[in-house]
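J.: Here's a structure for you.
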């Protein structure tokens, strides 16, 4: 028996790949939901995530994405 645990590893890999083949309706979190119900649930989650990201970003003052406090001058403006 020179194969060691190769058979066990192959079984685990095949089980993992078989699980990937499930359709969306067969997955545990989606059981009992129609396509429209899943879509509306997922859309609500995405809107919530986008709102949290926008709040975290905080508007920024419209400076074009530059987060430097010195207005883009870098370290050269502060090293006197």
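The values are calculated or read from the model by the stated rules, or taken from the named source; none is laboratory data. All figures in this text were calculated on a predicted structure; none of them were measured in a lab. Glycine gets a Cβ as well: all are built from the backbone with ideal geometry, and neighbour counts include every protein chain shown.
J.: All but one of (1) modelled with pLDDT of 75 or more; (2) surrounded by fewer than 10 Cβ atoms within 10 Å (Cβ to Cβ); (3) not in a helix (DSSP H, G or I) hold for residue 1, so report the exception by its number.
T.: Answer for residue 1: the failing condition is (1).
J.: Which residue is farthest from the chain's Cα centre (by Cα), if the candidates are limited to segment 32-80 and must be assigned to a helix (DSSP H, G or I), modelled with pLDDT under 85 and surrounded by 10 or more Cβ atoms within 10 Å (Cβ to Cβ)?
T.: First, pick out the residues of segment 32-80 that are assigned to a helix (DSSP H, G or I): 35-57, 60-62, 74-77.
In the following step, the residues that additionally are modelled with pLDDT under 85 were identified as 60-62, 74-77.
From the residues that got through so far, the ones that are surrounded by 10 or more Cβ atoms within 10 Å (Cβ to Cβ) too are 60, 74, 77.
Details: 60: 24, 74: 33, 77: 38 Å.
Here the answer is 77.
J.: Could you figure out which of (1) at pLDDT 85 or above; (2) in a helix (DSSP H, G or I) isn't true of residue 18?
T.: Failed condition: (1).
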